[in-house]
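The values are calculated or read from the model by the stated rules, or taken from the named source; none is laboratory data. Fair warning: this is a prediction, and the values are worked out from it, not measured in the lab. Note that each Cβ is placed from the backbone with ideal geometry, even for glycine, and that neighbours are counted across all protein chains shown.
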Amino acid sequence: MTARSLRSAVAGAAAARLAYRALRARPPGDAQTWTRTNHRGEPVTLLEGPAAAIGGVAGALAAGAGRDGLAVVIAGAGAAAFGTYDDLYGNDGSRGFRGHLGALRKGELTTGAVKLAGIGATGLAAALAAGTDSDGGELADTVINAALIAGGANLLNLFDLRPGRAIKVALLAGGLLAPAGGAAAGAGALAAAAALLPEDLGERSMLGDGGANALGAMLGTAAATSLPRPARVAALGVVAGLTAASEVVSFSRVIERTGPLRWLDMLGRRTAAPRAGALDERDGSADAPGAAADAPGAVAEGAGAAADEGDAVRAGSAVPADASMPSADEMSADTEPLPAITGESGPAAPGGLNSAEAR
């Protein structure tokens, strides 16, 4: 690790912990604004997300990496802003790319559509800030980089379905970028996420869309500023392929059925099973009592794992101060009221920039 990477990592981890402590002590608005209920019926806070974004931005600033550092700052701050907006003001009416585009055709502007456009614009702004060292094909590089940044923001959020999963994926991705020199650009963000991992694994807090989108965007920027064009094209293909796969394949089911992946996914997590019979908002399925014991915390998110209202299922709607704890029938694997209750919508539509939902 270079001195610049080390400086970025130390600053990122320290800033994330300090920001988390400060935000918990004095949450913007009030604590209930940031509180969600998880699949165990326990309250968790979304304040981990803003703290992780602050840490990542602070690490990039501490690294003093010129245009690359500026690109990381733009990507992290922009994705965090739009993700947090959807965390706090998101609605269940439409989900996924298809859901939001369908709503737009009807003249309805959803928070997910605002975030989709906002993160796309953020990716473009970060790509322009980073520039390109190519002698030719600057436009192509800018388009590839913008897509990689925005796609990274979306993809990492799709993994934020269980405690610690998104951060583990981010750390693995950061390890793959290190040989190409991406460690310097992403060191602050990765260190910030690692510093908050115990809170996430302990189910005291969660990244939410704000944190997962920000972390994914900063990693996408690290890839965009460190990899040669062929490698960036390959990375973008992987991002696009996984995102498309999430339309029809449940990531949680794949992880649960693959021994090494399940072991890694459960590493450091609480082993107590979630409530038997708790409904999963993605597909309306319920855990069998035995299945909960065999696969703690692994409630499948069902078809459409890329659903845009990610945190809605993993954590759900805010818990009023005077409200009693919702029952299993009222909650999804983690949270918000089921569409089936109102009869207005079915299972979550796949695809989208907002995924944390099934935690």
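The rows are residues; the columns are (1) modelled with pLDDT of 95 or more; (2) more than 16 Å from the chain's Cα centre (by Cα).
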residue: Met1; (1), (2): no, yes
residue: Ala9; (1), (2): no, yes
residue: Ala14; (1), (2): yes, yes
residue: Leu18; (1), (2): yes, yes
residue: Gly55; (1), (2): yes, no
residue: Gly78; (1), (2): yes, no
residue: Ala81; (1), (2): yes, no
residue: Gly93; (1), (2): no, yes
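Go through the range 260-282 and report how many residues are at pLDDT 50 or above and not in a loop (DSSP other than H, G, I, E, B).
The number of residues fulfilling the criteria is 7.
Pairs, please: C-beta under 9 Å, at least 6 apart or cross-chain, first residue within 16 Å of Ala150 (Cβ to Cβ) and in the range 233-262, second of a type in the set (Val, Ile, Thr)?
Sorted first by the residue in the range 233-262, then by its partner, the pairs are Val233/Ile144; Leu236/Ile144.
Being over 21 Å from Val44 (Cα atoms), crowded, with 24+ Cβ neighbours inside 10 Å and modelled with pLDDT of 90 or more, is that true of even one residue in the range 194-216?
Yes; the residues of the range 194-216 include at least one that is over 21 Å from Val44 (Cα atoms), crowded, with 24+ Cβ neighbours inside 10 Å and modelled with pLDDT of 90 or more.
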